[in-house]
Amino acid sequence: MALVSLTDVTKTYPDPNDRRRQIAAIDGVSLDIQSGDVYGIIGYSGAGKSTLVRLINALESASSGSILVDGAEVTTMREGELRKLRLGIGMIFQQFNLFNAKTVRANIAYPLKVAGVPKAERNRRVEELLAFVGLSEKAKSFPDQLSGGQKQRVGIARALATSPRILLADEATSALDPETTHEVLGLLKKVNQDLGITIIVITHEMDVIQQIATKVAVMENGKVIENGEVYEVFSNPQHAATRRFVSTVVRGIPVGEELQTLRYRHPGRIFTVSILDGDTSQARVFEILTQAGLGFELIYGGINDIQGRTFGHLTLAVTGDDAAIESALAQISALTEIVEAR
Ligand SMILES: Nc1ncnc2c1ncn2[C@@H]1O[C@H](COP(=O)(O)OP(=O)(O)OP(=O)(O)O)[C@@H](O)[C@H]1O
């Protein structure tokens, strides 16, 4: 059974320009998130990502549809049940949302205090969390004395305080530089792998999905337009919006000005070879070209590691005898897709 299961969920708001009309922020979304997933939800601004998260932890109520968390229907829960539900769902935010007047230790202890956990137990748990996020030395510091990455570590420790089963990360790395993003995503991976916590990552950056997610849903206009294993979505995107997101991290087939520049710089015919995991290797393609007595140069593209599987496009400028090129092409196209730039 899925840990979070949405069926045909809709959330409408009155149109601010015409109160008689409704705008669908979420429009018929069905999604299953399994225990142990790191589930990425990606979309441009206004796609409905934050609304979806607020529906899962019941900060908003759905207009229609069913939302099951751990088998329990959220849409009909009463206040007492909702409080219990929210204790099982931690949340981290883009702007960290820490109490600036409280120390790191007090920030992390806060949800435990609210939950009525006795002081000795609270202190023990906070020390454990500080060690887990690597901030034991900063226990007495205030948020203003920390870097962005350290602040998010405090946010993560605070979110984990009540031992939730689910962690919602809403643009949690969007305010951080790439290196700090990488570190924080590394910590989230540890949360998932060591503690078995299911993570739902909301982002507009495909790079974040590539680094951490195992599954991804692409949202547009309140709908999930595509979802599945990250590798499958990256290597075979179905929708234009998904292809745009993928192209931000994976260089595909050069076109337009990029292609013109490549032609200007490199003699020969230009081909793009797709490299898929378990399909064919870069080494095999190079071997075929070498054996055919051809000259070649890698001029664009690269290989990506997605969840430990390889995927990418290599664009090569190939020089030599035309018949030899055709024969090499035939051999390569028996292994994988190869496209000549025209
Ligand atoms: N409380 C609200 N009242 C009216 N409209 C809302 C409300 N909350 C969200 N919306 C509308 O719902 C749509 C989806 O918003 P949402 O914030 O979920 O998108 P998002 O993908 O998270 O975008 P962003 O990354 O910019 O926050 C938008 O058109 C937004 O204007």
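Values quoted throughout were computed directly from the atomic coordinates according to the rules given, and no laboratory measurement underlies them. The structure presented is a predicted model; accordingly, all values stated were derived computationally and were not measured. All Cβ positions, even for glycine, are placed from backbone atoms using ideal geometry, and neighbour counts span all protein chains on display.
Only one entry in I67, I89, I33, I42 is closer than 23 Å to T162 by Cα, surrounded by 13 or more Cβ atoms within 10 Å (Cβ to Cβ), of a type outside the set (S, T, N, Q) and within 18 Å of the chain's Cα centre (by Cα), namely I33. You will find that of A175, A159, the residue that is closer than 18 Å to R125 by Cα and either in contact (Cβ under 8 Å) with a residue 24 or more places away in the chain or within 19 Å of the chain's Cα centre (by Cα) (or both) is A159 and no other.
Against the list (1) over 30 Å from the mean Cα position of the chain (by Cα); (2) part of a strand (DSSP E or B); (3) of a type outside the set (D, E, K, R), the condition T310 fails is (1). Quick check: anything in region 228-236 within 16 Å of the ligand (Cβ to nearest atom), in contact with a strand residue (DSSP E or B) (Cβ under 7 Å, 6 or more places away or on another chain) and among the acidic types (D, E)? Looking for residues that are within 16 Å of the ligand (Cβ to nearest atom), in contact with a strand residue (DSSP E or B) (Cβ under 7 Å, 6 or more places away or on another chain) and among the acidic types (D, E), one finds none in region 228-236, hence no.
Is it fair to say G301 is in contact (Cβ under 8 Å) with a residue 40 or more places away in the chain and at positive phi? When the stated conditions are applied, G301 passes them. Of everything in region 75-127 that is hydrophobic (A, V, I, L, M, F, W, C) and in contact with a strand residue (DSSP E or B) (Cβ under 7 Å, 6 or more places away or on another chain), the residue that is farthest from Q145 (Cα to Cα) is L85. Of the residues making up region 104-155, those that are among the hydrophobic types (A, V, I, L, M, F, W, C), within 27 Å of the chain's Cα centre (by Cα) and in a loop (DSSP other than H, G, I, E, B) are V133, L135, L146. Among the numbered conditions (1) in a helix (DSSP H, G or I); (2) more than 30 Å from S30 (Cβ to Cβ); (3) more than 29 Å from the chain's Cα centre (by Cα), the only one that A101 does not meet is (1).
Looking only at region 190-210, which residues are in a helix (DSSP H, G or I) and not polar (S, T, N, Q)?
Of everything in region 190-210, those that are in a helix (DSSP H, G or I) and not polar (S, T, N, Q) turn out to be K190, V191, D194, L195, M206, D207, V208, I209.
Give me the residue from region 9-30 that is farther than 30 Å from L195 by Cβ and hydrophobic (A, V, I, L, M, F, W, C) and, out of that set, surrounded by the most Cβ atoms within 10 Å (Cβ to Cβ). Once the filter is applied, the top-ranked residue is A25.
The listed residues are L187, L176, L167, and the only one of them that is assigned to a loop (DSSP other than H, G, I, E, B) and under 22 Å from G134 (Cβ atoms) turns out to be L176.
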